[in-house]
Amino acid sequence: MTRKTVLNETHRALGAKMVDFGGWDMPLNYGSQIEEHHAVRRHAGMFDVSHMTVVDLHGGRCREFLRHLLANDIDKLKTTGKALYSCMLNEGGGVIDDLIVYYLGEDFFRAVVNAATRDKDLAWIERHAQPFGVEVRERRDYAMIAVQGPEAREAVLGLLDADAAAVVRKLGKFSAAEVAAPDGAPLFVARTGYTGEDGFEIVLPTGAAAGLWERLREAGVAPAGLGARDTLRLEAGMNLYGQDMDETVTPWEANLGWTVALEGDRDFIGRAALERRKAEAHSVLVGIVMDDKGVLRHGQRVLTPAGEGEILSGIFAPTLGKAIGFARVPQGAGEALHVDIRGREVPVRVVKYPFVREGRPREGI
């Protein structure tokens, strides 16, 4: 059965084109996907991300549990409200999911996991939390709205009273705080996102979500759907779980080695296999740009001097006006690559990503 977020009727009333996304009925766009993309890059846009799962972890051994569960080191979090991005691995070193964890107290951490992996993530977390006596609480009573873009922060701050705005204004990136909305609703405001732009992801009670969405719209924040979210995240060089990585792929092969903390002797799940597979890794994830006309799509063959690879994510990038993508290619593939597009070998360039930084194309792209 297809699931619906609390904002489903709101999207339909705005004329959204709805699609199935990981078992959820979600808005693809509200008219023009490209206009929604540009609204986020140039001004401010908002996304319903209530299909993502908020998981609260309670217990005196929370930190010890997360040291065991995550490939990144939770001990990096020492200040209340700070967040950590990490992969959660299986015993073979493959990525079960990528997630964000917030430190709210020694006995209280909050995680946000992906929608498509919701059920397996919860089962995995609960299984490994049990020996530590950690309570795992899925917050079905919460919705989540992401407000992103160069004008996003001011749009949100403008809806808060002076005290709440003062707290939120001071938030550094990858930090969060809980404040009250003018109507009294609690807002968990995190300075995080999935677009490469500044802004907030706001967790709030489901009953308050429609009201906040409407107030943001009245403040000039443009509703945006999954289509724009995908083009924005790829321009920003951000992986999509299930497409750029999965349980067969290690962080090394997803270019997420920077999220793995191997310092010391911390025994996290998958560590031994991860260390072994690092030496055995035969493929890498690279960013590519196609200067010819056409679109890069998932599954297309990539031809290299070292053997074949494939396109993982591919889009026409509205900010750049050309096609970009992530490709998994053999080690030593070099930079002279071609993509097989309906039997035609089209040249592509290997480039560093993110492809777009602070709304502008990266130099050389």
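Here residue 222 clears all of (1) in contact with a Pro (Cβ under 9 Å, 6 or more places away or on another chain); (2) in contact (Cβ under 8 Å) with a residue 12 or more places away in the chain except the condition numbered (1).
Within the group 196, 270, 294, which residue is without any contact (Cβ under 8 Å) to a residue 60 or more places away in the chain and touching a strand residue (DSSP E or B) at 6+ places or on another chain (Cβ under 7 Å)? None of the others qualify; the one that does is 294. Exactly one residue out of 54, 40 is more than 25 Å from residue 110 (Cα to Cα) and in the same structural domain as residue 132 (by TED's automatic domain parsing), and it is 40.
If you go through the stretch 104-113 and pick out every residue that is surrounded by fewer than 20 Cβ atoms within 10 Å (Cβ to Cβ) and touching an Asp or Glu at 6+ places or on another chain (Cβ under 6 Å), you end up with 0. Among the residues of the stretch 156-163, some residue qualifies, meaning at least one is surrounded by 20 or more Cβ atoms within 10 Å (Cβ to Cβ), part of a helix (DSSP H, G or I) and either touching a His at 6+ places or on another chain (Cβ under 9 Å) or not hydroxyl-bearing (Ser, Thr, Tyr) (or both). Look at (1) surrounded by fewer than 22 Cβ atoms within 10 Å (Cβ to Cβ); (2) out of contact with any Pro (no Cβ under 9 Å at 6 or more places or on another chain); (3) of a type outside the set (A, V, I, L, M); (4) within 22 Å of residue 189 (Cα to Cα) and you find that residue 5 fails only one, number (1). Out of all the residues in the stretch 92-137, which are part of a loop (DSSP other than H, G, I, E, B) and either more than 24 Å from residue 256 (Cβ to Cβ) or charged (D, E, K, R) (or both)? Residues satisfying the conditions are 106, 107, 133, 134. Does residue 222 satisfy the criteria of being small (Gly, Ala, Ser) and more than 24 Å from residue 361 (Cα to Cα)? So residue 222 does not fit the description; no.
Among the residues of the stretch 35-43, is there at least one that is touching a Cys at 6+ places or on another chain (Cβ under 7 Å) and part of a loop (DSSP other than H, G, I, E, B)? Steps first, answer last, please.
From the stretch 35-43, those touching a Cys at 6+ places or on another chain (Cβ under 7 Å) are none; that's our starting set.
No, that holds for no residue.
Please specify each residue of the stretch 228-271 satisfying the condition of being of a type in the set (Gly, Ala, Ser) and touching a His at 6+ places or on another chain (Cβ under 8 Å).
Within the stretch 228-271, just 228 meets the criteria.
One residue is enough: does the stretch 123-136 have a residue meeting the conditions at pLDDT 95 or above and closer than 26 Å to residue 233 by Cα? Within the stretch 123-136, none of the residues are at pLDDT 95 or above and closer than 26 Å to residue 233 by Cα.
The values are calculated or read from the model by the stated rules, or taken from the named source; none is laboratory data. The shown structure was predicted, so the numbers you read here are calculated from the model rather than taken from an experiment. Backbone-built Cβ (ideal geometry, glycine too); neighbour counts: all protein chains shown.
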